[in-house]
Amino acid sequence: MVNIDIGIDLGTCNTVIYIKDKGIVVNQPSVVAYEVKTKKIIAVGTKAKKMIGKTPEEIEVVRPITKGVISDYTLTERMIKAYVRNAIEQRKIWGKPTICVCVPSGVTQVEKKAACDAVYRTGAKKVYVLEEPFAAAIGTNVDIDSPKGHMFVDIGGGTTDIAVVSKGAISSSKSIRVASCDFDDAIIKYLRKKYGVELGDVSAEQLKIEIGSVYPRAQDALGYAKGKELMKGLPVKLPVHSSEIEEATGEVADQIVDAIKNVLEVTPPELVNDIAEFGIVLSGGGSKIYGMDTLIEEKTGVRVRKMEKPELVVATGAGTARKYVAEEVVITSDV
Ligand SMILES: Nc1ncnc2c1ncn2[C@@H]1O[C@H](COP(=O)(O)OP(=O)(O)OP(=O)(O)O)[C@@H](O)[C@H]1O
Ligand SMILES: [Mg+2]
């Protein structure tokens, strides 16, 4: 058993931190704003996200994690430092903390090491690493030690991680670099093509959250896309129907469902029967889009269990992984 003080979900969209005996203490966008000339950090998290697309030239706003892996090492390190400090302040931790951080399954050793190293440099005593779908499995509180097979699907912003877990270990898994941010991109493309309206990332995400659907709604919902007319360059508030968002995002949703079906195909029949009996457990912020559960149920024939706070599941799993982290993955000063 490992005494983990802090669990970190270093996500493409959000960084979530779980602290032992306290729970989730940080849930902030993985965004950093800094001054280009001096490299001085101006803001992190929600404050930095609000600055996207609105800063003068001398300030840059960056998402240092792309598709689940670190794309800007220095900024990631500084962002984690700010969050870990914030977390530690909320609960007195004596001495250096032991931290468990998650990475998407299928990342390279180099990418894994980069994540551990960045966390280590926040002043950790030891760093453990856990694959995201396994952390999600632990975080759901399902009895993963039982010989029965369970399927976990975590739809994040940059990656969708799927795993079948039995007897406390992953039996099959898959990670695809298709997730909820791809819904945003698909919405942007669709509105540009259909209406000649250009939308920013944040407005597209907002529209997705407000009226996004991957399955027909009982009643069509209406939202407004706040963007810019391409021809005139003027601001526009375009009325958009949820059925249009469904059309725009259909292909991305299908890719996610196909990946789930692929994992089911390679899973032994006994485990598939267990999964059918228990249901597929869905987590990640991307699972919150309207109709995702129904779509998966319809296409796989397996019922879906949704989590109450799906975006917090991975960090909770990392923070409570005690008996599931192996000694071999300890990262110490020789990183
Ligand atoms: N209510 C909602 N409806 C639709 N999408 C949502 C909703 N809430 C959050 N999302 C989307 O969920 C995504 C973020 O989910 P999450 O925090 O699990 O991702 P992440 O862990 O940062 O990414 P990854 O695991 O891929 O690295 C964002 O794309 C966000 O737009
Ligand atoms: Mg995630």
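Summary table below
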quantity	calculated
Residue list for segment 263-287, filter: surrounded by 14 or more Cβ atoms within 10 Å (Cβ to Cβ) and more than 21 Å from the chain's Cα centre (by Cα)	L264, T267, L271, V272, D274, I275, A276, F278, G279
Any hit, segment 15-25, residues being modelled with pLDDT of 95 or more, assigned to a loop (DSSP other than H, G, I, E, B) and within 16 Å of ligand 2 (Cβ to nearest atom)	no
Segment 276-315, residues that are over 14 Å from P133 (Cβ atoms), β-branched (V, I, T) and part of a helix (DSSP H, G or I)	T294, I296, T300
Residue that is within 16 Å of ligand 1 (Cβ to nearest atom) and either of a type in the set (D, E, K, R) or out of contact with any strand residue (DSSP E or B) (no Cβ under 8 Å at 6 or more places or on another chain) (or both), where the choices are K112, K54, K47	K112
Subset of segment 21-33 [away from ligand 1 (no atom under 12 Å from the Cβ) and buried (at least 24 other Cβ atoms within 10 Å of the Cβ)]	V32
Meets criteria (surrounded by fewer than 17 Cβ atoms within 10 Å (Cβ to Cβ), within 15 Å of ligand 1 (Cβ to nearest atom) and charged (D, E, K, R)) for D117	no
Only listed residue being aliphatic (A, V, I, L, M), open to solvent by less than 30 Å² (accessible area, probe 1.4 Å) and more than 16 Å from ligand 2 (Cβ to nearest atom), chosen from I260, I256	I260
Near pairs, Cβ below 8 angstrom, 6+ apart or cross-chain, from segment 36-64 (free of Cβ contacts under 8 Å to residues at least 24 places away in the same chain) to any residue that is open to solvent by less than 100 Å² (accessible area, probe 1.4 Å) and in a loop (DSSP other than H, G, I, E, B)	I42/M51; A43/M51; A48/V31; E57/V36; E58/V36
Number of the exception - S105 against (1) small (G, A, S); (2) in contact with an Asp or Glu (Cβ under 6 Å, 6 or more places away or on another chain); (3) over 26 Å from G286 (Cα atoms)	(3)
Close pairs from segment 276-305: first within 13 Å of L264 (Cα to Cα), partner within 12 Å of ligand 1 (Cβ to nearest atom) and at pLDDT 95 or above, Cβ under 7 Å, at least 6 apart	I280/V153
In segment 134-169, the residues that are more than 16 Å from ligand 2 (Cβ to nearest atom), touching a Pro at 6+ places or on another chain (Cβ under 7 Å) and assigned to a loop (DSSP other than H, G, I, E, B)	K167
Meets criteria (of a type in the set (S, T, Y), more than 16 Å from ligand 1 (Cβ to nearest atom) and open to solvent by 10 Å² or more (accessible area, probe 1.4 Å)) for Y18	no
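The values are calculated or read from the model by the stated rules, or taken from the named source; none is laboratory data. All figures in this text were calculated on a predicted structure; none of them were measured in a lab. No Cβ is skipped: glycine too gets one built from the backbone with ideal geometry, and neighbour counts run over all protein chains shown. With ligands, DNA and RNA removed, areas are computed over all heavy atoms of the protein, side chains included. Shrake-Rupley method; radii C 1.70, N 1.55, O 1.52, S 1.80 Å.
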